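Below is one structure, written out as structure tokens, with a few remarks after it.
The values are calculated or read from the model by the stated rules, or taken from the named source; none is laboratory data. Because the structure is predicted, anything quoted here is derived from the model rather than measured. Cβ placement follows ideal geometry from the backbone for every residue including glycine, while neighbour counts extend to all protein chains displayed.
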Amino acid sequence: MLADWSGQTLALAARWPDKHLVREGLSLLHELPGSSPIEVLLATDLHAGNVLRAEREPWLVIDPKPFVGDPAYDATQHLFNCESRLRADPHGTIRRFADLLGVDRERVRLWTFARAAAGPRDNWEDSDWMALARAIAP
């Protein structure tokens, strides 16, 4: 998945608004998976629409796009689906959510930065993602 994303991003290098920031994001997309202290089964599409209240368990996650990897990665999709909160207070939102999940805050911040800076997109002129990346850059 990450190799595919990186390839899509690299194919549009001429459109990058901040080449240094995008390269740093791509570097982290390459480095973070190999540096995870543990690997777990990931949903990779974790957002409010895919979490249901249930009887057999209090909450169930549905519609997974399963991969094995860093538990801090799964936080990013939910964070991106809470865009206004994430943009208003990126460090606080990342910290609170990482703490609720019991995952490493710094790894969640780095994954969020990498995806904001270098995740594939159709519109590289959308400055909001780059502004978020700058706000939480390593």
>> I'd like the residue in region 28-48 that is within 14 Å of the chain's Cα centre (by Cα) and touching a residue at least 60 places away in the same chain (Cβ under 8 Å) and, out of all such residues, is surrounded by the most Cβ atoms within 10 Å (Cβ to Cβ).
In response: Leu29
>> When you check Asp126 against the structure, is it without any contact (Cβ under 8 Å) to a residue 24 or more places away in the chain, loosely packed, with under 13 Cβ neighbours inside 10 Å and in contact with a helix residue (DSSP H, G or I) (Cβ under 6 Å, 6 or more places away or on another chain), yes or no?
In response: no
> Take the residues of region 5-54 that are of a type in the set (Asp, Glu) and at pLDDT 90 or above: which is nearest to Met130 (Cα to Cα)?
Replying inline: Asp18
>> I'd like the full set of residues that are on the phi < 0 side of the Ramachandran plot, of a type outside the set (S, T, N, Q) and without any contact (Cβ under 8 Å) to a residue 12 or more places away in the chain, limited to region 84-120.
In response: Arg85, Ala88, Asp89, Gly92, Arg95, Arg96, Asp99, Leu100, Arg105, Glu106
